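Contents: one structure, followed by commentary.
The values are calculated or read from the model by the stated rules, or taken from the named source; none is laboratory data. All figures in this text were calculated on a predicted structure; none of them were measured in a lab. Quick reminder, even Gly has a Cβ in these numbers, built from the backbone with ideal geometry, and neighbours come from all protein chains shown. Surface accessibility is based on the protein's heavy atoms, side chains included, excluding ligands, DNA and RNA. Shrake-Rupley method; radii C 1.70, N 1.55, O 1.52, S 1.80 Å.
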Amino acid sequence: MVSQCFRTPVGSSKKLNASFKSPILSSHRSSDATDLQIELEDLKKKSKDLDQQIAELISEGYTLEELDQHIDQLHEYNDIKDVGQMLLGKLAVVRGVTVKDLYNEFRLELDD
């Protein structure tokens, strides 16, 4: 089956050279701007809250270097935990059991 290809007619047409104005884009533009404004305000609040938490930790005697080191250690822990989860998933598939079964077998907490 051969599909037909329709081409735009050659010639000077003002409509063909005009910029495209999407009706969808213009109707959503104001709501998108409002959504972005709300998101911006939320991010500003989160930034302010985090700055306050950092200030509290510093007032408790922690240094920024200690906090950075702690954050790095948390990232490493999470990476290691993700690898463990992946391995448990693959082992469960090989054994034909659920990951929950493996948690019980290895005496792991489901909440961890």
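Taking label points 7 Å from Cα along the Cα-to-Cβ direction, E105 and A55 give a separation of 5.3 nm.
The distance between label points at D79 and K48 comes to 3.5 nm (points 7 Å beyond Cα on the Cα→Cβ vector). Over the stretch 57-112, the hull volume per residue, using the convex hull of the C-alpha atoms, is 80 Å³. Placing a pseudo-label 7 Å from each Cα along the Cα-to-Cβ vector at L88 and E66 gives an inter-label distance of 3.2 nm. Using the 1.4 Å probe convention, the accessible area of the stretch 40-91 works out to 87 Å² per residue with neighbouring protein chains retained.
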